[in-house]
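One structure is given here, and the rest of the page talks about it.
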Amino acid sequence: MTLHVLNPVAALPRRPDRVLVAGGSGAGKTAVADKLATLLALPRIELDELYYRPGWEPRPEFAEDVARVSGAPRWITEWHYPEVAGLLARRADLLVWLDYPTRTTMTSLALRTLLRSLHKEVLWSGNQEPRLRAVFTDPEHILRYGWSTRHSARDEVRTLARRAPDITLDLLRFPRPAELSDWLLRLAGTSYAPAPSGRLATERSTDESGLR
């Protein structure tokens with residue numbers, strides 16, 4: 001994979017049509033993708049919604065559905081599922097990498113987990129994250145997962161660079177949240193031609209009415 005590293009202080013060389021947002025758990029990929037969807041008028045693909053069914057079980061049709069929805073000409077999504085990372089990288093034209101220190105992402109992840117637990121927040125397919133204290137007993141707890149995958153974006157970039165030299169992407173790397181915030185403010189002042197926005201249709205390939 002060939003990455004063209006862009007200067008976040010400079011204007012984007014062109015309006016991106018297919019954008020990936022990478023980073024560890026707790027980096028804020030979803031929030032950044034939502035913000036960029038608005039600023040760039042891009043339809044949003046929610047990968048977690050396509051991946052999970054009740055009981056935090058993966059959907060067998062996940063890769064098929066991602067291949068279908070990412071065939072659209074314009075979209076933005078997170079980049080954190082290895083089974084579709086190569087496909088999405090081949091179709092994207094910009095990678096926004098939230099390459100934050102581990103202490104930043106883990107602190108954010110712990111706070112998010114606590115708030116979701118306190119508010120009993122219902123996530124995809126009716127799932128709820130376990131309580132924060134379950135980190136001591138649940139080997140698949142989100143905090144343990146976040147720690148074990150804290151370098152996943154970097155590893156994925158290196159893997160694709162080695163195995164898929166045909167992939168070419170523009171890259172914006174942000175090592176600190178403040179630098180991202182500055183860039184988003186500058187981007188908000190940029191005028192782009194009107195384009196359709198909103199949520200990209202993610203109808204699944206099978207009839208699973210209980211997951212909708």
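Some notes on this structure:
- Only one of the listed residues (S108, S117) is touching a helix residue (DSSP H, G or I) at 6+ places or on another chain (Cβ under 7 Å) and of a type in the set (S, T, N, Q). That residue is S117.
- Being modelled with pLDDT of 85 or more, open to solvent by 70 Å² or more (accessible area, probe 1.4 Å) and over 24 Å from P58 (Cα atoms) is not true of R150.
- Tally, over segment 64-81, of residues that are more than 15 Å from V21 (Cα to Cα), touching a residue at least 24 places away in the same chain (Cβ under 8 Å) and open to solvent by 30 Å² or more (accessible area, probe 1.4 Å): 3
- Top-ranked residue in segment 82-111 [being acidic (D, E) and open to solvent by less than 40 Å² (accessible area, probe 1.4 Å); ranked as nearest to L180 (Cα to Cα)]: D99
- Filter result for A164 (open to solvent by less than 40 Å² (accessible area, probe 1.4 Å), touching a residue at least 24 places away in the same chain (Cβ under 8 Å) and either farther than 30 Å from P54 by Cα or of a type in the set (D, E) (or both)): yes
- Among residues of segment 8-23, those that are modelled with pLDDT under 95 and either open to solvent by 20 Å² or more (accessible area, probe 1.4 Å) or among the basic types (K, R) (or both), counted: 8
- Residue that is within 24 Å of L87 (Cβ to Cβ), part of a helix (DSSP H, G or I) and at pLDDT below 80, where the choices are A195, A161: A161
- Candidates L36, L143, L50, filtered to the one that is over 30 Å from I167 (Cα atoms), of a type in the set (A, V, I, L, M) and touching a residue at least 12 places away in the same chain (Cβ under 8 Å): L143
- In segment 24-59, the qualifying residues are those that are closer than 23 Å to T104 by Cβ and of a type in the set (K, R), and the one that is most open to solvent (accessible area, probe 1.4 Å) is K35.
The rows are residues; the columns are (1) in contact with an Asp or Glu (Cβ under 8 Å, 6 or more places away or on another chain); (2) within 22 Å of P8 (Cα to Cα).
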position: A41; (1), (2): no, yes
position: R44; (1), (2): yes, no
position: L50; (1), (2): yes, no
position: P60; (1), (2): no, no
position: A63; (1), (2): yes, no
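- Scanning segment 164-175 for residues that are assigned to a loop (DSSP other than H, G, I, E, B) and within 24 Å of R15 (Cβ to Cβ) returns D166, I167.
- Selected residue [open to solvent by 80 Å² or more (accessible area, probe 1.4 Å) and outside any loop (DSSP other than H, G, I, E, B)] from R133, R116: R133
- Residue match in segment 178-188 (condition: part of a loop (DSSP other than H, G, I, E, B) and at pLDDT 85 or above): no
- Of all the listed residues (T30, T2), the sole one being more than 30 Å from G126 (Cβ to Cβ) and modelled with pLDDT under 95 is T2.
The values are calculated or read from the model by the stated rules, or taken from the named source; none is laboratory data. What you see is a predicted model, and the numbers here were worked out from it, not measured in a lab. Cβ coordinates were reconstructed from backbone atoms using ideal geometry, including for glycine residues, and neighbour counts include every protein chain displayed. These area figures cover heavy atoms from the full protein model, side chains too; ligands, DNA and RNA do not enter into them. Shrake-Rupley method; radii C 1.70, N 1.55, O 1.52, S 1.80 Å.
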